1. Restrict the check to region 239-251 and report whether at least one residue is closer than 26 Å to Trp186 by Cβ, assigned by TED's automatic domain parsing to the domain that holds Pro129, hydrophobic (A, V, I, L, M, F, W, C) and in a strand (DSSP E or B).
2. Applying the selection to region 231-254, what residues are small (Gly, Ala, Ser) and free of Cβ contacts under 8 Å to residues at least 24 places away in the same chain?
3. Only one of (1) farther than 15 Å from Glu241 by Cα; (2) touching a residue at least 12 places away in the same chain (Cβ under 8 Å); (3) not acidic (Asp, Glu) fails for Tyr226. Which number is that?
4. Would you be able to say whether some residue in region 23-36 is at pLDDT 90 or above, farther than 23 Å from Asn270 by Cα and in a loop (DSSP other than H, G, I, E, B)?
5. Tell me, which helices (runs of 4 or more DSSP H) wholly within region 42-96 include 3 or more residues that are outside the structural domain of Gly149 (by TED's automatic domain parsing) and over 23 Å from Glu278 (Cα atoms)?
6. Can you tell which of Ala48, Ala67 is over 30 Å from Ile265 (Cβ atoms) and either surrounded by fewer than 17 Cβ atoms within 10 Å (Cβ to Cβ) or among the charged types (D, E, K, R) (or both)?
7. Tell me which residues, restricted to region 224-238, are more than 20 Å from Ala199 (Cα to Cα) and not in a loop (DSSP other than H, G, I, E, B).
8. Residue under question is Ser304, and the condition is that it be loosely packed, with under 14 Cβ neighbours inside 10 Å, hydroxyl-bearing (Ser, Thr, Tyr) and more than 25 Å from Glu110 (Cα to Cα); does it hold?
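The values are calculated or read from the model by the stated rules, or taken from the named source; none is laboratory data. Note that the structure is predicted; figures quoted are calculated from it, not measured. Methodologically, a virtual Cβ is constructed for each residue, glycine included, from the backbone with ideal geometry; neighbour enumeration extends over all protein chains shown.
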Amino acid sequence: MLGTIEETLRVLRETMEHHRRSLAGEVSSPVSLPAPAARSSSPPRWVADVGAELERAAGVQMSDTIAAKLERLFAGSDSLAIDEWLRRVRRPGSLHPDLQLLIESLTTHETFFFRDPAQLRLLRTTMLPKMIEAARASGRRRLRLWSAGCATGEEAYSLAIVALLALHDAGEGVLAQGRVRPMPGWTIEALGTDISGRALDVATSGVYGTGGLSSFRDVPSELLIYLQETEDGKSRRVHDELREFVRFQRFNLIDTQLPIAECDIVACRNVLIYLTAECRRRVQDSLHRALRPGGCLLLGPTDSLVDPGRFESHWSDTGIVHSRRPGV
């Protein structure tokens, strides 16, 4: 019985390794997964048990899509073997590596630089100038950014670039070789967090493939100076002058202990759709707590505010940014 579970985990590892190599532009064809077992009218009992563990550990909401993926990934494993696997991965306080691997295989880590340009334009032209003025007036002279559920890191780097450009717009940044440097006394602190260690490895490396629908498909040409082409021409690497403002850390969004506080900007895009309603409420409460009054929350187009009374919404074109109301 254990053999079937180990085979399933081997397939999961191959799947995640393929995902990593695809991100780097190294492969173009998917690995072979076992043929899905014949679907009955209702999922097997163990699907609900695994789903309950996914919800407990990471807030993942069971859906028909998740159930189908589970049946495919555990094809050939009998219920006794799966029960034994569940006993092994259940542990308080931290994710068991096998459960971590399963979660990574069920969620999507695909993203790209400057996703939702209308939202980022609104942030740069309307919201960040107010934040910079407030930071200047208080003597804080710092912009703090958090990309929650950053996947492979493109969003965290994009936010840092937008913050640099806004500093330059406000006369608090200087151009050097085409890239903005904050004026003396100013700094940008950007944190990217994700539950996936493999995705964070890519984010930390800052190297992304250029083939196909690459991470650079929406980057304005004048900003490619922050993303240097490698010698072989098959990838781009985030410039060291940008990397110094951005760090990455593994973090489970349903944890209540925040990795960062007093943020000017928090982005959590295309993550909440995977979570149960209760976990979405808890996560949005954490995101609210992480913001300083007046700080901005960026959600994905499919996300909505659980408690809109705590935010003021700002629209421009098709972009929307929510700012935390003072005193709420």
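1. yes
2. The first filter runs over region 231-254 and keeps only residues small (Gly, Ala, Ser), leaving 233, 235.
Matches in region 231-254: Gly233 only.
3. Single failed check for Tyr226: (1).
4. At the first step, the residues of region 23-36 found to be at pLDDT 90 or above are none.
Checked against the condition, which is being at pLDDT 90 or above, farther than 23 Å from Asn270 by Cα and in a loop (DSSP other than H, G, I, E, B), region 23-36 yields no hits at all.
5. On the way: elements: 45-58, 64-73, 79-89.
Correct list: 64-73, 79-89.
6. Working: Ala67 fails: either surrounded by fewer than 17 Cβ atoms within 10 Å (Cβ to Cβ) or among the charged types (D, E, K, R) (or both).
Step by step, each of Ala48, Ala67 is checked, and only Ala48 is over 30 Å from Ile265 (Cβ atoms) and either surrounded by fewer than 17 Cβ atoms within 10 Å (Cβ to Cβ) or among the charged types (D, E, K, R) (or both).
7. Our first condition is that a residue be more than 20 Å from Ala199 (Cα to Cα); within region 224-238, this holds for 224-226, 228-233.
Leu224, Ile225, Tyr226, Gln228, Glu229, listed by residue number.
8. On the way: loosely packed, with under 14 Cβ neighbours inside 10 Å: yes; hydroxyl-bearing (Ser, Thr, Tyr): yes; more than 25 Å from Glu110 (Cα to Cα): no.
Here the answer is no, as Ser304 does not meet what is asked.
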